[in-house]
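One structure is given here, and the rest of the page talks about it.
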Amino acid sequence: MYAVIVCPKCRSHSQIIEQAGAKTTRCQRCGSTLKVRRLRLLYESDTLSKAVEARTCIQMKLDGEDEPDKADKSQATLSADRRKPPKKKGPEKIVLDTVRSEGGTVDIYELERRLADHGIEGEQFEKVLAILLERGELYSPEKGRIRAV
Ligand SMILES: [Zn+2]
C-alpha cells in the first residue's frame, strides 16, 4: 500500500510512503524525521502510479496554497506597517483615545494619571489638553471633568 503524506513540520512537501516500509520517513524538503504511524494519510492506493498522481495533485495544492499564504503574510506585514504610524501616535491622539476609552468623559486627575503611563505628564499634559480644548476636540462639561466631542 502506498500513501501520500504531507510533512507536518514544513507543511509544504508531500511525498509517497510505502506503509509496509520503514516506521519513519524523512521529509525530502525539510529533512524532518517523520513517524509514519502518526502521519495523516491523504491518499492510499495499492498502485504506485495512482499514488504518484494523487501526490502530484496534493503537491500542486500545497504549492498553490503557498502563494496566497505568502500574500497573506505580506499583507499582514503591510497592514501591520500601516498600523504602525497610528501606534506612534501623537500626544493629542493619545489624550483623545484615553478620554474615549474612559467612556467619553474623564476626571482630569484620572486623565493625568492615565497619560503619565504614556509619558505625557506635567507641562506636556497641560499643553496637549489646552490644544485639544482650543480645537474643540475636548471640552470641559464641568470643572475637573474632560469630555471628548
Ligand atoms: Zn518537511
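Computed from the coordinates by the stated procedures, all read-outs in this text should not be read as laboratory data. Owing to the predicted nature of the structure, the values given are computational and were not obtained by experimental measurement. All Cβ positions, glycine included, derive from the backbone under ideal geometry; neighbour counts span all protein chains shown.
Checking the a/c ratio against 1.5 first, then a/b against b/c, what shape does the Cα gyration tensor give for the stretch 2-68? Note, shape of the stretch 2-68 comes out oblate.
When only DSSP loop residues count, what trypsin sites (Lys or Arg not before Pro) in the stretch 88-137 have their Cβ near at most 10 other Cβ atoms within 10 Å?
Answer in residue order: LYS88.
In nanometres, what is the gap between the two model label sites at ALA130 and LYS143, each 7 Å from Cα along Cα-to-Cβ? Taking the simple label geometry, ALA130 and LYS143 are separated by 2.0 nm. 3J(HN,Hα) along the stretch 140-146: 10, x, 8, 4, x, 10, 10 Hz, from the Karplus curve 6.51 cos²θ - 1.76 cosθ + 1.60 with θ = phi - 60°, whole Hz, x for Gly and Pro. The largest-to-smallest principal axis extents of the Cα set in the stretch 91-148 are 25, 20, 19 Å. In percent, rounded to a whole number, the relative contact order of the stretch 91-148 is 44, using alpha-carbon pairs under 8 Å and six or more apart. Taking amide H atoms as placed 1.01 Å from N in the peptide plane, the amide H of ARG145 lies under 5 Å from those of ILE108, each 5 or more residues away in sequence or on another chain.
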